[in-house]
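Student: Got a structure here, written out as structure tokens. Questions coming.
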Amino acid sequence: MNTNKPLIGISLGDYNGIGPEIILKALGSPRILKWCTPVIYGSKKVLDFYRQKLELKDWSIKIVDNLNQVQEGQSYLVKAWDDKDTMVEPGKVTQEAGKAAFDCLEMAIKDLDRGLLSALVTAPINKHNIQSEAFSFPGHTEYLTERFDAKSSLMMMVSDNLRMGVATGHLPLQEVSNALNAQLLKDKISLFLKSLKEDFSIDKPKLAVLGLNPHAGESGLLGKEELEIIQPVIDEFRSKGNLVFGPYPADGFFGKAQFKEFDGVLGMYHDQGLIPFKYIAFDTGVNFTAGLPIIRTSPDHGTAFDIAGKNEADPSSFMHAIFLAMDLVKNRMQA
């Protein structure tokens, strides 16, 4: 391996979705190679299929067996599965594509675990066809948390002016209230503050915490989680000198753009955080898994089967995921 630039691993995701397209478009920009060396874990056959479909004539990649062959100034491909019988069918959900997505992810994770990669950027998977005995998780976040033996992790959505975390991630709405407890909130707030300091180089981060219920419970009239769980945890953090505020009613908080006053915002459940985030920064937002010993980012969207193979996918979020990964690598080295 002969490179001083960050080595960014990229897992292909579901090859019948828009993953290959956004990867090709993102890495087609020469400026990417000025700052990092990308390594795709995937299939030349799949990439060639989409390259021809998208008419990307000048796009080039070098196939390597391992990362010892990698040098600066080039994008690389590590073959993740035997693709001689692979049939690419854009927009179609197949078991073959799910297995291939897992094989790409696993191969990238092994190199990441060995310290050969600086960071991992994951293209979107389909949460159904990837399921197997080896992968029985709602998504990347939960899988990586267990894979790297982390006590806990935090799904954080990142844009230029908003860092949005959620206390409960991929969980049915009816289960959220029962899942919320003081220890969970303490863990998530601690992870958030630690990440803001170490990953984003903010010495004294200011964190907003949202309520669970309408109007943040209206002093117990519309729910007691704020009084019994959320407020006491916030008070405990503030007593230790942390700048943690809330709980705020979510509608007014975003309606008045109060998020601009904070370094991070913690929501109580998935859609409470991701609906406003994607409204504010859908094209440029990035999903970052905080709390892990490794760096993993991804675009803030899914496989988008409905536009797969139609040359309609916007690579902006994926490019921002690569840029954020590079920034996080630098910040952790300086922490």
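The values are calculated or read from the model by the stated rules, or taken from the named source; none is laboratory data. Bear in mind the structure is a predicted one, so any value in this text is a computation, not a measurement. As a convention, Cβ positions derive from the backbone with ideal geometry for all residues, glycine included, and neighbour counts pool all protein chains shown. Surface accessibility is based on the protein's heavy atoms, side chains included, excluding ligands, DNA and RNA. Shrake-Rupley method; radii C 1.70, N 1.55, O 1.52, S 1.80 Å.
Student: Given the whole protein assembly as supplied and a 1.4 Å probe, what does the accessible area of Asp235 come to in Å², nearest 10?
Tutor: Taking all protein chains as shown, Asp235 has close to 80 Å².
Student: Determine Rg/Rh for the stretch 183-335; Rg is computed over alpha-carbon atoms and Rh is the Kirkwood hydrodynamic estimate from the same atoms.
Tutor: Ratio of gyration radius to Kirkwood radius: 1.01.
Student: Right, another one. Calculate what fraction, in whole %, of the accessible area of the chain sits on carbon and sulfur atoms when a 1.4 Å probe is rolled over the protein chains.
Tutor: C and S atoms contribute 48 percent here.
Student: On to the next question. With all protein chains present, calculate the accessible area of Trp59 using a 1.4 Å probe and round the result to the nearest 10 Å².
Tutor: 40 Å²
Student: May I ask you to list the trypsin sites (Lys or Arg not before Pro) in the stretch 3-84 that are in a DSSP loop and have at most 16 other Cβ atoms within 10 Å of their Cβ?
Tutor: Those satisfying the criteria are Lys57, Lys84.
Student: So what's the projected area for the stretch 112-271, the Cα convex hull averaged over all directions, in nm²?
Tutor: Computing the convex hull of the Cα atoms and averaging its projections yields 11.0 nm².
Student: Quick one: Cα centre-to-centre distance for the stretch 253-275 and the stretch 149-165, in angstrom?
Tutor: 12 Å
Student: Each label point is 7 Å from the Cα along the Cα-to-Cβ direction; what then is the distance between the points at Asp85 and Asn181, in nm?
Tutor: Going by the 7 Å Cα→Cβ label model, 4.8 nm.
Student: At a 1.4 Å probe radius, which order do Leu173, Leu180 fall into by accessible area, largest first?
Tutor: From most accessible down to least: Leu173, Leu180.
Student: Kindly express, to the nearest 10 degrees and within the range 0 to 90, the angle between helix 182-198's C-alpha long axis and the longest C-alpha principal axis of the chain.
Tutor: Orientation of helix 182-198: about 60 degrees from the principal axis.
Student: Now, a different point. Take Leu221 and Ser239, extend 7 Å from each Cα along the Cα→Cβ direction, and tell me the distance between the two endpoints in nm.
Tutor: 2.9 nm
Student: Between the stretch 113-147 and the stretch 72-107, what is the separation of their alpha carbon centroids in Å?
Tutor: 14 Å
Student: Further question: Before rounding to the nearest 500, sum -39500 (n - 2.57) across all DSSP H runs of length at least 4 in the chain and divide by the residue total; then give [θ] at 222 nm in deg cm²/dmol.
Tutor: It comes out at -10500 deg cm²/dmol, rounded to the nearest 500.
Student: Count neighbours as other Cβ atoms within 10 Å of each site's Cβ, and list the GluC sites (Glu not before Pro) in the stretch 1-95 that are DSSP loop with at most 10 such neighbours.
Tutor: Passing sites in the stretch 1-95 are Glu55.
Student: Moving to a separate point now. With only alpha-carbon atoms in the gyration tensor, what are the semi-axes of the equivalent ellipsoid for the chain, in Å, largest first?
Tutor: 37, 21, 18
Student: Report the accessible area of His128, computed with a 1.4 Å probe over the heavy atoms of all protein chains in place, in Å² rounded to the nearest 10.
Tutor: 150 Å²
Student: Keeping every protein chain in place, order Val93, Val88, Val244 by accessible area at 1.4 Å, biggest value first, i.e. largest first.
Tutor: I get Val93, Val88, Val244, largest accessible area first.
Student: What is the projected area of the convex hull of the Cα atoms of the stretch 253-335, averaged over all directions, in nm²?
Tutor: 7.1 nm²
Student: Of the listed peptides 322-331, 132-141, 262-271, what is their order by residue-averaged count of other C-beta atoms within 10 Å, with the highest listed first?
Tutor: 262-271, 322-331, 132-141
Student: With point charges of +1 on the Cβ of Lys and Arg and -1 on the Cβ of Asp and Glu, referenced to the Cα centre of the chain, which listed residue (Leu116, Ala134, Leu292) lies farthest in the positive direction of the dipole?
Tutor: Leu116
Student: Please get the size of the charge dipole for the chain, origin at its Cα centre, with Cβ charges of +1 on Lys and Arg and -1 on Asp and Glu, quoted in debye to the nearest 20.
Tutor: 900 debye
Student: Now, a different point. Can you tell me the accessible area per residue over the stretch 126-236, all protein chains present, probe 1.4 angstrom, in square angstrom?
Tutor: Using a 1.4 Å probe on heavy atoms only, each residue of the stretch 126-236 averages 48 Å².
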